[in-house]
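Everything below concerns the one structure shown next.
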Amino acid sequence: MNILFDERLDGELVHRDKAEVLSDIQQAVPTMTLLHREEDLRPFECDGLAAYRVLPMLVALPENLEQVEALLKRCHALDVPVVTRGAGTGLSGGALPLEQGVLLVMSRFNRILSVDPDARLARVQPGVRNLAISEAAAPYGLYYAPDPSSQIACSIGGNVAENAGGVHCLKYGLTVHNVLRVDVLTIEGEHMTLGAESLDAPGFDLLALMNGSEGMLGVVTEITVKLLPKPETAKVLMASFNDIEKAGRAVGDIIAAGIIPGGLEMMDRLAIKAAEDFVKAGYPMDAEAILLCELDGVEADVDDDCETVRRVLEKAGATQIQQARDEAERAMFWAGRKNAFPAVGRMSPDYYCMDGTIPRRELPRVLKGIAALSEQSGLAVANVFHAGDGNMHPLILFDANKEGQLALAEDVGGKILELCVEAGGSITGEHGVGREKINQMCSQFQADEIRIFHALKAAFDAKRLLNPGKNIPTLARCAEFGAMHVHNNELPHPELPRF
Amino acid sequence: MTDLAINAADRDISEHLCDQVRNAGETRTPLRIAGGNTRAFYGRPVEGQPLHMAEHSGIVSYDPVELVVTVRAGTRLSVLQAALAEHHQMLPFEPPSFDESSTIGGAVATGLSGPRRPWAGAARDFVLGTRIITQEGKLLRFGGEVMKNVAGYDLSRLMTGAQGTLGVLADISFKVLPVPTASHCLRLSLSLEEALHKLAALGREPLPITAAAWHAGELFIRLEGGESSVKATRERLDGEPLEASFWASLRDHTHDFFKRRDDPPLWRLSLPPNTAPLALDIPQQDIFYDWGGSQRWVKTTLDAATLRKACQAAGGHATCYTPQAQGGAAEPFTPLNSVVEKYHRRLKAELDTHAIFNPGRLYAAL
């Protein structure tokens, strides 16, 4: 089922003449860069989900708050939708433009406003890159904890929009746990500060609500993040297994031993091969699965924990256990994991990355299900897994130039996510719903729950102008999607019209 | 499931609760949601028909290896904590408990967190999912029982601390953590200025500190972590040993500071880390610094406007914790600015159109 915006299913948009909108906004915000020629718009037609491309009507590149405010006010008055974009690295199409909409690009808001080492926080603009925050904090022995794989390129504004994670979430949390305050502009152009530099703020926790809301409730214009002291040391153990289920059980055994690793990652045979071919990380090519377990903290504790984990891994049936001897080897072990996506990209013309989460105990069942789907479809699937927090990234390999393969890959992906939901998990752990998983939202939530999401959206954006069509499906879309997924012969939402 | 959990009252009355809410919605009858009724003092008084949550209790599921527990809102905090302790796990946000009848639902609805807050996170940071009773009397599920879940808006965290003004919390899933293997508490004689300076310096290092407070010339610190790091830090900081129960007395307000009779109202000042002492006319013995200085308990007859002005200037806010006390503030919570308030009202109007959920508990308009 096509995921591009479909007004029949996703709701009608106001159609305005491009020249009229252009001249209106130019007049209202004359100093702002506003792109309108096709060749200028082209670079913005997609984000990290490059399989989907839409040329926006206009691209706005503001550089100060007054411009953003004026732009939003005009769009609100004209009923023109606004899709906000950061660095454009998102993997779920959260910043996929609309033909009828303005793409608001926040990349020029790229200044670190302050770093306060004694209060351990940093104030930054939304276009600042994730890694740049840690770099600015490094001279004080501090860092910003969430580290999505794209951290060299992705922006903190996008991280807030998607509630981005990374490989250290089990111990250090997601973006929502590490942001203290955001300044927001509403679609009506009003300024709001949510959260505070203090550890709580009066009223509802709108700060938590803003994290992961995919640019649908407001435009984030400034962010205050928490900084942590850099752990004194970090050590990595790599364990090989001849059976992926054994590796899965070992993960539970580590947690049961009372240890919360800084990172705990799993890769299956295909992912190991891809990574090894690409970065020569020293991974064992004969293993069915490897676990990377990073322990961080104070030197003496880490040494104790390494010993405990080693014993647990031996007992769990690891065929080989290696501890990185030095920082260089540790970096190599991680290089394989952090480059797993591009590594898989070298093996196949295209790949499709999923992001489901499950309770860890369901891992064997879900892996079997994925293997069966892979076999049925004939598409290879490599599994990379934030094992500690149950976040799976199956990578479906396909060739978009071959007739029907993209659709097949999407179909397999959708089924994998439904498998995660059945196992008690979620369709997305950290990449967000965006446009990509809009249909699977209908599997995860009932109509009444989706109605609550729409009610919440209406409180902030009654005209549905901020990023329409993302994150929350319409009930009409779910009815259409459900029609293709009839369970027990019961048609979901029989009251709704179908297309 | 543990024996202890099974022995605890295990009863699902969600259907009955849904009926009551539906009925209240149809008849436009305001509800006053009550668990153990131990936190009723916190906030504005609510006029309404009581919705009793205490019977809706029991641990729905607990898998220590997954680090996830799901409980019904009426479950007593003590019961949940005992079940977790059997597996050497805990609720990391250390919720205060003001009486044996305190429930987990009340702890989440008020969103209060104990001394570990600055290092571990707040109540909302450990809420993974909820089942909520909506204004139509429907039981809906948001979030889940997995560590990472970004599907849809984060209703569960929005409900945390909303004091039941947006819906009824029926079941809650938490992330839990292992109890640290080693622990040591100590006290140091230090002036306030020296203590705040020391905490700022220590805060920049990766030390196993999980609580820090200052009162009447003494800095109190709790160390928790691995054996080796706790030992090393203990030796480095020196100091006299301190009973571990000190932190529970601070958390639950059973410490002598909170117990004196005929006290002026108790205020909770929430301030950015490393905020200097505020220029307010309050004797030092009437202030208790918790959260490494970010949360300050103050007994004072100063008026709300004066306190709030000083806190706001420092980037924080002030809550009158005992609004019923002689001289307590009519508005316990810092008023919101007009734009933020507008969106609070709109949200309330969407999720609680007829104002049946704890109306007025947070603010008159909500």
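The values are calculated or read from the model by the stated rules, or taken from the named source; none is laboratory data. Bear in mind the structure is a predicted one, so any value in this text is a computation, not a measurement. Note: ideal-geometry Cβ built from the backbone for every residue, glycine included; neighbour counts use all protein chains shown.
Tabulated data
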| read-out | value |
| --- | --- |
| Candidate set from the stretch A:253-281 (those that are part of a helix (DSSP H, G or I) and more than 26 Å from the chain's Cα centre (by Cα)); member that is nearest to A:GLY345 (Cα to Cα) | A:ASP277 |
| Residue list for the stretch A:206-228, restricted to those being facing chain B (nearest Cβ under 7 Å) and touching a residue at least 60 places away in the same chain (Cβ under 8 Å) | A:LEU209, A:GLY212, A:SER213 |
| Residue match in the stretch A:319-329 (condition: in a helix (DSSP H, G or I), surrounded by fewer than 17 Cβ atoms within 10 Å (Cβ to Cβ) and free of Cβ contacts under 8 Å to residues at least 40 places away in the same chain) | yes |
| Within the stretch B:101-133, tally of residues that are in contact with a Cys (Cβ under 9 Å, 6 or more places away or on another chain) and facing another protein chain (nearest Cβ under 7 Å) | 0 |
| Pair list, Cβ under 9 Å, 6 or more apart: the stretch A:253-267 residue free of Cβ contacts under 8 Å to residues at least 24 places away in the same chain, other residue surrounded by fewer than 24 Cβ atoms within 10 Å (Cβ to Cβ) and of a type in the set (S, T, N, Q) | A:GLY258/A:THR308; A:GLY258/B:GLN89; A:GLY258/B:THR181 |
| Helices (runs of 4 or more DSSP H) contained in the stretch A:18-93 and holding at least 2 residues within 17 Å of A:GLU188 (Cα to Cα) | A:18-28, A:65-78 |
| Among the residues listed as B:ARG346, B:ARG296, the single one being surrounded by fewer than 17 Cβ atoms within 10 Å (Cβ to Cβ) and charged (D, E, K, R) | B:ARG346 |
| Residue match in the stretch A:134-144 (condition: assigned to a loop (DSSP other than H, G, I, E, B) and under 29 Å from A:ILE259 (Cα atoms)) | yes |
| Hits in the stretch B:336-362 - residues which are β-branched (Val, Ile, Thr) and within 14 Å of A:ILE452 (Cβ to Cβ) | B:THR353 |
| Filter result for A:GLY165 (surrounded by 21 or more Cβ atoms within 10 Å (Cβ to Cβ), out of contact with any Phe, Trp or Tyr (no Cβ under 6 Å at 6 or more places or on another chain), under 23 Å from B:GLY121 (Cβ atoms) and not aromatic (Phe, Trp, Tyr)) | yes |
| Given (1) over 22 Å from B:MET147 (Cα atoms); (2) surrounded by fewer than 19 Cβ atoms within 10 Å (Cβ to Cβ), index of the condition B:SER97 fails | (2) |
| Residue check for A:GLY414: under 21 Å from the mean Cα position of the chain (by Cα) and part of a helix (DSSP H, G or I) | yes |
| Cross-chain or 6+ apart pairs with Cβ under 7 Å, the stretch A:151-168 first and facing chain B (nearest Cβ under 10 Å), then of a type in the set (Lys, Arg) and in a loop (DSSP other than H, G, I, E, B) | A:GLY165/B:LYS148 |
| Filter result for the condition that a residue is over 28 Å from B:GLY203 (Cβ atoms) and modelled with pLDDT of 95 or more, over A:LEU49, A:LEU65 | A:LEU65 |
| Hits in the stretch B:186-201 (condition: touching a Gly at 6+ places or on another chain (Cβ under 9 Å) and within 12 Å of another protein chain (Cβ to nearest Cβ)) | B:LEU196, B:LEU199, B:ALA200 |
| Any hit, the stretch A:357-364, residues being modelled with pLDDT of 95 or more, crowded, with 24+ Cβ neighbours inside 10 Å and in contact with a strand residue (DSSP E or B) (Cβ under 6 Å, 6 or more places away or on another chain) | yes |
| When residues of the stretch A:206-250 are limited to those that are part of a helix (DSSP H, G or I) and within 30 Å of A:ARG464 (Cβ to Cβ), the one farthest from the chain's Cα centre (by Cα) | A:LEU206 |
| Conditions (1) within 14 Å of chain A (Cβ to nearest Cβ); (2) in contact with a Lys or Arg (Cβ under 6 Å, 6 or more places away or on another chain); (3) without any contact (Cβ under 8 Å) to a residue 60 or more places away in the chain; number of the one not met by B:ASP63 | (2) |
| Lone unmet requirement of (1) farther than 30 Å from A:LYS437 by Cβ; (2) surrounded by 23 or more Cβ atoms within 10 Å (Cβ to Cβ); (3) more than 12 Å from chain A (Cβ to nearest Cβ) for B:THR165 | (3) |
| The stretch A:229-250: number of residues that are within 13 Å of another protein chain (Cβ to nearest Cβ), surrounded by fewer than 24 Cβ atoms within 10 Å (Cβ to Cβ) and among the aliphatic types (A, V, I, L, M) | 1 |
| Index of the failed condition, A:GLY424 passing every other in (1) among the small types (Gly, Ala, Ser); (2) under 21 Å from A:SER149 (Cα atoms); (3) touching a Pro at 6+ places or on another chain (Cβ under 9 Å) | (2) |
| Check on B:ALA305, among the small types (Gly, Ala, Ser), more than 14 Å from chain A (Cβ to nearest Cβ) and closer than 28 Å to B:SER97 by Cα | no |
| Residues that are in a loop (DSSP other than H, G, I, E, B), touching a Ser or Thr at 6+ places or on another chain (Cβ under 8 Å), within 13 Å of another protein chain (Cβ to nearest Cβ) and buried (at least 23 other Cβ atoms within 10 Å of the Cβ), drawn from the stretch A:432-466 | A:GLY432, A:VAL433, A:GLY434, A:GLU436, A:LYS437 |
| Residues (touching a Leu at 6+ places or on another chain (Cβ under 9 Å) and either modelled with pLDDT of 75 or more or not in a loop (DSSP other than H, G, I, E, B) (or both)) located in the stretch A:482-499 | A:GLY482, A:ALA483 |
| Top-ranked residue in the stretch A:183-205 [being among the aliphatic types (A, V, I, L, M) and in a loop (DSSP other than H, G, I, E, B); ranked as farthest from the other protein chains (Cβ to nearest Cβ)] | A:ILE187 |
| Enumeration of residues in the stretch B:135-162 that are touching a Lys or Arg at 6+ places or on another chain (Cβ under 6 Å) and surrounded by fewer than 24 Cβ atoms within 10 Å (Cβ to Cβ) | B:GLY137, B:LEU139, B:ARG141 |
| Residue, nearest to the other protein chains (Cβ to nearest Cβ), within the stretch B:340-363, restricted to residues that are out of contact with any strand residue (DSSP E or B) (no Cβ under 9 Å at 6 or more places or on another chain) and in contact (Cβ under 8 Å) with a residue 60 or more places away in the chain | B:LEU347 |
